[in-house]
Each structure stands twice: as structure tokens, then as C-alpha cells.
Amino acid sequence: MKYALVIGLFLVQILGYSQSNKETVPTPKPDDKLLLTIFLKHDQSMNLNEIEKIRTDQGFYKNFPPEGVSVVNWYVVMGIGQMVVLELPASKLAAVNLAIERTAWKAFKTEIYPTYNLYPIVEPKLENKAKIAY
């Protein structure tokens, strides 16, 4: 009788979890892309010519972005430096990090933020659907 009660409680617990109303999080696919925002912050102890020389000497323009990575936007942010937005497969994240470490350090201090596009989720909720594409 004791064992039947334990088994019964065990089954109730399992069935309770299987009936959960929680939304499932989609599993990432190998081809899923992410956006990566990189701030290349100017070292204000150097002028633009010195920064460009370091970048060129370190091979920045030859090695960045790595193959398989696309530039979405590249802006100058006055008072900060440059902001680069890349689109890449998650598997290329290490290659981007390595390219930054090898070719941008000394010329810039860097901040890197992985992001994702929330607009497709928010768009149906917006009353004003106007979107500017550059």
C-alpha cells in the first residue's frame, strides 16, 4: 500500500509537469544569425592619422570583418568613436572577436554587445508602422 501511494504521487508529479502551460523557447538552428554591435572608442591621446596608421599596420582593413560576416551599419558617433553593427552566424562570434583583438586594439578601446532584432515581434503591436531603412 505504501509503495502504491509513492508510485501514485510520482505519476501525479510527472503528469503535472507534462501539462504545463509555459511557452516553449525555440531551439536555435545552426544557421541562426545574430547582430553584434561593436563600439570602437577613440583613444583621445592620439589623432586620427595615428589611429589610422595603427589600424592599417595591424591589417584591420584586410581582416575585418571576417569571411561570412556582413556589415549592417558603420557609423561615426561623435565624442565616442565608431559604431559597427555586424550580422553573423553564431558560429562566427569567435572569429569576429579574434579579428578585433588582432587588428583594432591599440587604435581603439572596444565594447561589444550581442543583440537580436526585436522589430518583427514589436511591429504587429505598433499603431504607426513607419520604419526608415537606410
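Every number here is computed from the coordinates shown, using simple stated rules; none is lab data. Since we're looking at a predicted model, the values are computed, not measured. All Cβ positions, glycine included, derive from the backbone under ideal geometry; neighbour counts span all protein chains shown.
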(message) Run the simple label-point estimate for K53 and A94 please: 7 Å along Cα→C-beta, distance reported in nm.
(response) 3.6
(request) Once you have the Cα-Cα distance between I80 and N63, take 0.36 nm times their residue separation minus that, and quote the gain in nm to one decimal. (result) 3.8 nm
(message) In whole Å, what are the extents of region 38-134 along the principal axes defined by its C-alpha atoms, from largest to smallest?
(response) 49, 32, 19
(request) Grab the beta carbon distance between E123 and V72, set R0 = 30 Å, and tell me the FRET efficiency rounded to 0.05. (result) 0.95
